[in-house]
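Have a look at the structure below before the remarks.
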Amino acid sequence: MAARYEVTATKYRPKTFDELAGQEFVVSTIKNSLKNGHVANAYLFSGPRGCGKTSAARILARSLNCEKGHEAEPCGAEDACDNCRAISQGSSMDVIEIDGASNNSVNDVRQIKDEVLFPPQAGRYKVYIIDEVHMLSSGAFNALLKTIEEPPPYICFIFATTELHKVPATIKSRCQQFNFRLIPVETIQEILKKICGDSGIKAENDALFWIARESTGSMRDALTLLDQVISFSGGNIRSELIREKLGIAGLEKLNALADACALNDAPSAFAITDEILSSGVDIERLIIDLTGYYRSLLLIKNGIVKESLLGYRPELFSAKPLETLDSIRLEQAMDLLLACYRDVRYSVSPRFDLENVISKLAWLSKWVSPVEMKEAINNARDVLTLPAGSVRPAEQQRSSGAQNSAKGAGAAASNQSAVSRNDQTAADIADNIKLSSKGSFSLSNAFDLISKGAAVDDPLSDDDGEAPMWESEIKKDKTETENHVQVEQVLSMIPGTVVS
Ligand SMILES: [Zn+2]
């Protein structure tokens, strides 16, 4: 039974333009031009792998040579004419498929140039399909130019590439270009459903959705994965079985892991990670799934509820991380995980990298972004650099006597004590920002901390109960220069801050 399904990708290769999934714009344009009898010298199909470029090239070749005549659609799978059948089977002498990756030299192209002089044998057109055309050498491209521009009337070139930017502009400008897009998840899911229905296989919708999502827009990947799943499902495709057999963490486990991280519970987070890895989930797989998980949270946080984007219905995601983490923290989680994925292939032990990230995720709510830090610093700078003698509205109500007494006390204060106090201030701020057990850092907290720190030992703070502390910290006893020194010391504590 398994053998019968091994070739799903080949068996369900589209035979007509209408069967080509997810490329409506390409299909309608090509069909229209064929109907009007416009056949280009050369076509250039570009787009991600597995989205139907080669299939479209073969369908076009069939249209050009179909015995029904110059029709927009060639014969279908049933009752195909001789030409269409030969092309499908790869036995047509008039349709030559060349792999650009392995036939990329000038000599290979010269051979093509010699061959095009001989007209087609059975069909109306001799069609050259060159896959991965971007792999041709620049010499080969140059040799090809003239032939593409002025080929014999019975010649048609169809180039396919996954890397359009590597195709020289001189080639592009001589081709009719079509950009193929990734196939939407829903479209792939529908096709998988139909295939399962046709083959008498029972399949859970969730399971098919997972396969469709996993194939990231590539029909070929989806069909290959379907084959794999069918091979161990025995005619009944279930999500649970897929998770078990293919080593996938599953949403419940990811929810549990994200919950532990959101609660700053590193021990549990490590334990759950170990549990997931012990169940056979590959480390890279877990990093990908976890990245996808935090991505979904970020999307939900931004009001997106579309299941095809999130991977699951939004209500299935745990509420805890959504409560404790805002967009900035979620972006950071993704940054950490994406960097981890890039790093694991060079790592002494991928598991160490992953655990390092898990540990960081477990205190994510306390993480502060550079932008927030900069804002906080700028606010602090505003407070601390207020010129001596300038008066805030609240201070206008103060008695001038208080100011005078401050001046007297301040004049005696030595630079030495100011510096040590400032060191202490800066250290306190840094400690509080990094280690605050109260949870998330806020701008007003930082503002408060910096001003409170600066107010330590302030004689004013004792004798003026009405004014908030941060208002009293503007040292009436200090010159503007001293305030600048203080600010710059605070700034120098913050990594990456440039003191202007
Ligand atoms: Zn035909």
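Numbers for the structure displayed
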{"item": "Among residues of segment 229-262, those that are farther than 26 Å from LEU298 by Cβ and surrounded by 15 or more Cβ atoms within 10 Å (Cβ to Cβ), counted", "result": "6"}
{"item": "Residues of segment 85-104 satisfying the condition of being under 24 Å from THR161 (Cα atoms) and near the ligand (Cβ under 10 Å from one of its atoms)", "result": "ILE87, SER88"}
{"item": "Identity of the residue in segment 316-332, in contact (Cβ under 8 Å) with a residue 40 or more places away in the chain and among the hydrophobic types (A, V, I, L, M, F, W, C), that ends up surrounded by the most Cβ atoms within 10 Å (Cβ to Cβ)", "result": "LEU325"}
{"item": "Per-region count, segment 27-45, residues among the aliphatic types (A, V, I, L, M) and part of a helix (DSSP H, G or I)", "result": "3"}
{"item": "Any hit, segment 305-315, residues being in contact (Cβ under 8 Å) with a residue 60 or more places away in the chain and part of a loop (DSSP other than H, G, I, E, B)", "result": "yes"}
{"item": "Residue list for segment 237-270, filter: over 23 Å from the mean Cα position of the chain (by Cα), under 23 Å from GLN332 (Cβ atoms) and of a type in the set (A, V, I, L, M, F, W, C)", "result": "ALA256, ALA260, LEU263, ALA266, ALA269, PHE270"}
{"item": "Residues (at pLDDT 90 or above, hydrophobic (A, V, I, L, M, F, W, C) and within 13 Å of the ligand (Cβ to nearest atom)) located in segment 50-80", "result": "ILE59, LEU60, ALA61, LEU64, CYS66"}
{"item": "Residue among LEU336, LEU325, LEU354 that alone is modelled with pLDDT of 95 or more and either touching a Ser or Thr at 6+ places or on another chain (Cβ under 8 Å) or among the charged types (D, E, K, R) (or both)", "result": "LEU354"}
{"item": "Among residues of segment 155-179, those that are in contact (Cβ under 8 Å) with a residue 60 or more places away in the chain, more than 21 Å from LEU64 (Cα to Cα) and more than 30 Å from the chain's Cα centre (by Cα), counted", "result": "1"}
{"item": "Selection from segment 275-300 of residues that are basic (Lys, Arg) and over 16 Å from ASP259 (Cα atoms)", "result": "ARG285"}
{"item": "One residue from ASP343, ASP382, ASP335 being free of Cβ contacts under 8 Å to residues at least 24 places away in the same chain and in contact with a Pro (Cβ under 9 Å, 6 or more places away or on another chain)", "result": "ASP343"}
{"item": "Residue pairs meeting the criteria (Cβ under 6 Å; at least 6 apart or on separate chains; first closer than 19 Å to LEU309 by Cβ, in segment 208-237; second part of a helix (DSSP H, G or I) and polar (S, T, N, Q))", "result": "LEU208/GLN189; PHE209/GLN189; ALA212/GLN189"}
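Yes/no matrix, rows are residues, columns are (1) closer than 14 Å to ALA339 by Cα; (2) free of Cβ contacts under 8 Å to residues at least 12 places away in the same chain; (3) part of a helix (DSSP H, G or I); (4) among the acidic types (Asp, Glu):
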| residue | (1), (2), (3), (4) |
| --- | --- |
| LEU257 | no, no, yes, no |
| ALA260 | no, no, yes, no |
| PRO267 | no, yes, yes, no |
| ALA271 | no, yes, yes, no |
| LEU290 | yes, no, yes, no |
| TYR293 | no, no, yes, no |
| LEU297 | no, no, yes, no |
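The values are calculated or read from the model by the stated rules, or taken from the named source; none is laboratory data. Predicted model only: the values in this text are computed from it and were never measured. So basically every Cβ, Gly included, is an ideal-geometry build from the backbone, and we count neighbours across all protein chains shown.
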